[in-house]
Each structure stands twice: as structure tokens, then as C-alpha cells.
Amino acid sequence: MKRLLLFISFILLAASILQAHHNDCPLGTPPSTIKNGSHTWCYDHNSIYILDDDGWYCILNHSTWIRTINPHPELSDRIVFLDKKGKNYTVDTAGKIEPYVFPQPLGEFVKAGVQEVIIETIDGGCIFSKGYTVSYIRQDGILKENYNYVSKSCHRKRKMPASEVEQALLKLGERYSVFPTPQDFGSHKKSLDLHQVFADDDEPLSTSFVSYRLTFVNTAGDTVQIWNIVDRDYELIGEYHFPWLLPMVVDCPNASFVSYQPCLWQTVRKLMPRSMFLRKQLSNNTLHPRKYHSKFYLKLREAFEMTFYY
């Protein structure tokens, strides 16, 4: 009899724990929810939740902070999310998690045609901050300079076929998960070790920082934003010392990813005034081999492999 009572007590305790776990949810009302098919999702810190008849319940506790989750139209009730090291996953309703690479995250955006381009760079620190901005608007298939907060003097306004920017975006979407080759930079030095080139030999100690943001708006009103990896709290080393301002974080309507590919910067550089801050870093002159430092080399390789080779 005593054993039976102990067994019943154990069952009741287990049921109460399961019920508590089932109802485990973010404190208060979630600030935003994601609807995908018949399921409603939300996330909080490093957990993902689904709403059912009994309320919110946790289906996944991830090891790192979840920056965002996005439904993907081709993945039915599976969710694509990005954590702070740039790794993309799908998560199903049972909490099963698998790595995922977007086949062409910028295809639908480019199909509508690029309508506006905004280039912003910032030079700042603990005491001062100075911003530089230039924008372009599409007119008859041509992106023409709209406003310029870089140069005060009169100058001939820049312009570029919108198709050139669109092709650069498509190329970025095709190759974003591939570490660049010397040929991607237009270099014929096959012996160039880009892992070593990207490994900086001076860890930043200053409170100064640099930042950039590229904004692309298409004719449908959708937006793609590309950020400096430092601003998005990514844990890489020497971020703003890397050549060609890489790697970059790309936020699309249905995708987010990290890329080391220079193809977009090679096009955007032509739209930047010569005096615009950070423009001089967009050059193959930054590809010279630096003093080898194993610590930085290994950290960079680890960061890249964790990003794309889960």
C-alpha cells in the first residue's frame, strides 16, 4: 500500500512538472508573434514557443541567444531562425532543429526591381560620432543620386543602371555561404590565403568604432538591409579591420544570413563619393598578407566553420 501511495505521488508530481513545462512561456504577453500555417510562434531570449489551446508552451531551448525567427513560405510549418553566430536552422512543431542554407534568399526581392539605395557610414567613439549618407532613386531604369550628406561642394551627380545593383544582389544570394576565393576579389594570386588575410594581427582596444548600413528598397516596398557585423553583436574578432568591410549581416524579408562575399561592395563602392568614410577600405589594397597570428587565424576559421558547417 505504501508503495502504491508513493507511486501515485510520483505520478502526480511528474504531471505537475510537465504541466508547468507545457505552460512555460515568456513573462506577460509576447511583444510579437509569427503566424505560419495553422501555428502561432514566438520566441524569448534562447527559447521558441508555440501557442495551443492551453496557452504558450516551449518546444526548444537553444544554447545561444535567438536574434529572430522567420517563417519561410517553402517550408510549410517549419521556421527558419538565426542565432548570433549567423547559423540558420529550421525548427518544426516537435522542436526538431536542423541546419539550413537558403537557396536564393534575394531572388524574389530582385525580381520586383530595386527602387532605392541608401548608403550610410558612421565614424564614432565615446565622445563624437559623425555620419555620412548618400541615396539613389530609380528613374527609367537608372539609379540617380537623390541626396548627398557627404560632400558640400558641387559635383556631377552619380548614376548607375539599376540592373547592375540587382545582379550584384543576385550574386551575393547565390554565393553567400561560400568563403571567397582570390578570384572573387578580382585577384589572380592563387596562392593568396584569404583565411590568413582576414586574420587581423591587432586586436582592437580603442573605444572608437566604425559602422555602416546599406538599405535597398524594391518597387514592391520590400526592404533589404545590410549591417556592419559589429553593430549586430556578432562575436568575431577584429571585425572592422577586415578587408572590404566583411563579413556582413544581410536581413531580407524572409531570410537573414552572414556573408564574406565582396561582390555587392564592388558595386556599391561606385556609388560612394570619394570622400565618403570607409570607401578607402573597399579596395584590393587591403588584401596584402598581414603578419600571421595563429590566435586570430584560428578564431576566424572557427567562426566561419560554425556559421556554415554546423
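The values are calculated or read from the model by the stated rules, or taken from the named source; none is laboratory data. Note that the structure is predicted; figures quoted are calculated from it, not measured. Note that we place each Cβ from the backbone using ideal geometry, even for glycine, and neighbour counts take in every protein chain shown.
Scanning segment 90-103 for residues that are touching a residue at least 12 places away in the same chain (Cβ under 8 Å) and either surrounded by fewer than 13 Cβ atoms within 10 Å (Cβ to Cβ) or not polar (S, T, N, Q) (or both) turns up Val91, Asp92, Ala94, Gly95, Ile97, Pro99, Tyr100, Val101, Phe102. With respect to the conditions (1) over 20 Å from Met248 (Cα atoms); (2) of a type outside the set (Phe, Trp, Tyr); (3) buried (at least 18 other Cβ atoms within 10 Å of the Cβ); (4) modelled with pLDDT of 90 or more, Ser163 falls short on a single one, namely (3). Counting only strands (runs of 3 or more DSSP E) that sit wholly inside segment 62-146, those with at least 1 residues that are at pLDDT below 85, outside the structural domain of Thr223 (by TED's automatic domain parsing) and under 16 Å from the mean Cα position of the chain (by Cα) are 66-71, 79-83, 88-91. Sub-6 Å Cβ pairs linking a first residue in segment 22-45 that is modelled with pLDDT of 80 or more and surrounded by fewer than 17 Cβ atoms within 10 Å (Cβ to Cβ) to a second residue that is of a type outside the set (A, V, I, L, M) and not in a loop (DSSP other than H, G, I, E, B), at least 6 apart or interchain, are Thr33/Thr40; Thr33/Cys42, ordered by first then second residue.
Yes/no per residue for (1) crowded, with 17+ Cβ neighbours inside 10 Å; (2) in contact with a strand residue (DSSP E or B) (Cβ under 6 Å, 6 or more places away or on another chain); (3) of a type in the set (Asp, Glu); (4) more than 18 Å from Asn148 (Cβ to Cβ):
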{"position": "Cys252", "(1), (2), (3), (4)": "yes, yes, no, yes"}
{"position": "Ser256", "(1), (2), (3), (4)": "yes, yes, no, yes"}
{"position": "Gln261", "(1), (2), (3), (4)": "yes, no, no, yes"}
{"position": "Gln266", "(1), (2), (3), (4)": "yes, no, no, yes"}
{"position": "Arg269", "(1), (2), (3), (4)": "yes, no, no, no"}
{"position": "Arg274", "(1), (2), (3), (4)": "no, no, no, no"}
{"position": "Leu278", "(1), (2), (3), (4)": "yes, yes, no, no"}
